[in-house]
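To start, the structure itself, in structure tokens.
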Amino acid sequence: MNADIVERIETDAADFAARHSVRVAELLRIQMSSAGTAASLIDATGRQTSEGVLNLVNSGYFGLSRNAKSLAHAHELMGGERLAHVALAAWVCDLLVEPAPGYDLPAGDLWRHALGVSIASEHLADTLKIEGAKSVFLAGIFHDIGKRILGPYVAKASDDFDRQTEKGMSFEAAEAAVLGIDHATLSGQILSAWAFPPALVDAVRWSHAPDGLSPPSLLADLLHVSDVLCLTIGIGMGKEGLQYKASPAATRRLNATIGTLELVASHTLQWTNELADLPVTL
Amino acid sequence: MKHVVYVGDMKTGEREDVLVTHALGSCLGLMVYDPVAQVGGLLHAMLPLSSINPQKARANPFMFVDTGVPVLFKTLYSMGGRKSRLIVKAAGCGRPLGNDEMFKIGERNYTVLKKLLWKNNVLLESQDVGGAASRTVHFDLSTGRTTISSGGVKTDI
């Protein structure tokens, strides 16, 4: 029953990835570029992108010692890798601010949720002194990109979804049962097509079921726990948030306590609100 | 006039105002109303105790139950509300993601609220708390009517 639908969905995802692949590749190049090249790469996406990136860069969240006056100056202050991640966030904002049909997420909520998971993941990694998690901000921003593709299919099959979730099935399991593929898998396929680092792709792919990765990935655990935390406190809850299965093992692997989670939650709400209110829509 | 109360926020109003808050999962929605003065307020608090982050609590007391609730009551007193007349209702404090101990923020929010009210001799008139549902609250300050919408069903509390 699912073979045709899965093929159509995967084709949609491949088309989507191909449509944006040049732009993403250019923005990823910023990581290894000089300040001048980085500025040119961002400028090439349009004046609004440059302004959006500067708005994000100069927000309190990124904690720069001085306001960046230009993109080249931002590169100097925060480095190419961080600037690339911010530029990719500013770029993808346009795709995430739209309402997500099927998930009951009104305009802006998918973007807020992406920001929330990124911010919570970074704070969690910082609070728990987890090293090697520099890409977690980027992973958080893109972890639900698959919803852009799957949303219309979910909306069309909403009765089937209601039947599955009423039986206690998680929303992600219902996606697999009804459509033959879930949005985390699609997110992973899209990021893989864009040549994101394999560890980041795996973390996103397994962010809903981090216990399935062997060996476990701290990046996947960070994403999972942050996702759960954001849904718990109502950042982008939607329909999925009521049918999400949290992994207690992921929280244990991170050595997170209730206090840690609540501390991270308190930071996350404030910064999410501040960043979500910035004019970065392109 | 309709006012939307976001997470970690509180709004007060009078007479013709309607206070609305959406997506109450584990967060506490607290509605307080004085039917004589016709003033009321709605708090949407996210976390139980401010001790977890005192700096944030100073900047925004409405993020936490233990700091947000007193500010809500005091604001209503300053608007003419009297403690003896206040009608207090609660919503939310749910478990949107099941029974994982680590994420029982909703239950802890409710526990802190009950302790706070008990210490101050305030009773809850009614409540719609717990469970896995997401709730929206409409709080009409002309009558004090409090309507909870959840899963397509509307209920007055």
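Would you pick out the residues in the range B:32-52 that are hydroxyl-bearing (Ser, Thr, Tyr) and at the interface with chain A (Cβ under 10 Å from one of its Cβ atoms)? B:Ser50, B:Ser51 - these are the residues of the range B:32-52 that are hydroxyl-bearing (Ser, Thr, Tyr) and at the interface with chain A (Cβ under 10 Å from one of its Cβ atoms). Being more than 10 Å from chain B (Cβ to nearest Cβ), under 19 Å from the mean Cα position of the chain (by Cα) and aromatic (Phe, Trp, Tyr) is a condition met by at least one residue of the range A:186-202. Residues that are over 25 Å from B:Arg145 (Cα atoms) and either within 11 Å of another protein chain (Cβ to nearest Cβ) or in contact (Cβ under 8 Å) with a residue 12 or more places away in the chain (or both) within the range B:53-62 comprise B:Asn53, B:Pro54, B:Gln55, B:Lys56, B:Ala57, B:Ala59, B:Asn60, listed in sequence order. Examine the range B:44-52 for a residue that is surrounded by fewer than 22 Cβ atoms within 10 Å (Cβ to Cβ), over 14 Å from the mean Cα position of the chain (by Cα) and not in a helix (DSSP H, G or I), and state whether such a residue exists. There is at least one residue in the range B:44-52 that is surrounded by fewer than 22 Cβ atoms within 10 Å (Cβ to Cβ), over 14 Å from the mean Cα position of the chain (by Cα) and not in a helix (DSSP H, G or I).
Output yes when any residue across the range A:257-275 is within 10 Å of chain B (Cβ to nearest Cβ) and outside any helix (DSSP H, G or I), and no when none is. For the range A:257-275, residues within 10 Å of chain B (Cβ to nearest Cβ) and outside any helix (DSSP H, G or I): present.
Of all residues in the range B:122-157, count the ones that are outside any strand (DSSP E or B), within 18 Å of B:Val4 (Cβ to Cβ) and within 14 Å of chain A (Cβ to nearest Cβ). Looking only at that region, the number is 1.
Okay, residues lined up against (1) more than 22 Å from A:Val117 (Cβ to Cβ); (2) touching a residue at least 60 places away in the same chain (Cβ under 8 Å); (3) surrounded by 12 or more Cβ atoms within 10 Å (Cβ to Cβ):
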{"residue": "A:Ala3", "(1), (2), (3)": "yes, yes, no"}
{"residue": "A:Ala13", "(1), (2), (3)": "no, yes, yes"}
{"residue": "A:Arg19", "(1), (2), (3)": "yes, no, no"}
{"residue": "A:Ser40", "(1), (2), (3)": "yes, no, yes"}
{"residue": "A:Leu54", "(1), (2), (3)": "yes, no, yes"}
{"residue": "A:Gly60", "(1), (2), (3)": "no, yes, no"}
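Is there a residue being loosely packed, with under 14 Cβ neighbours inside 10 Å and within 14 Å of another protein chain (Cβ to nearest Cβ) anywhere in the range B:70-89? No, the range B:70-89 contains no residue that is loosely packed, with under 14 Cβ neighbours inside 10 Å and within 14 Å of another protein chain (Cβ to nearest Cβ). Of all the numbered requirements in (1) at pLDDT below 95; (2) surrounded by fewer than 23 Cβ atoms within 10 Å (Cβ to Cβ); (3) not in a loop (DSSP other than H, G, I, E, B), A:Asp202 misses one, and that requirement is (1).
The residues of the range A:78-103 that are in contact with a Phe, Trp or Tyr (Cβ under 9 Å, 6 or more places away or on another chain) and either over 29 Å from A:Glu172 (Cα atoms) or small (Gly, Ala, Ser) (or both), listed by number, are A:Met78, A:Arg82, A:Ala89, A:Gly102.
Within the option set A:Trp111, A:Trp91, being assigned to a helix (DSSP H, G or I), closer than 28 Å to A:Gln243 by Cα and touching a helix residue (DSSP H, G or I) at 6+ places or on another chain (Cβ under 8 Å) holds for one residue only, A:Trp111.
The values are calculated or read from the model by the stated rules, or taken from the named source; none is laboratory data. Please read all numbers here as calculations on a predicted model, not as lab measurements. Neighbour counts run over all protein chains shown; Cβ positions are idealised from the backbone, glycine included.
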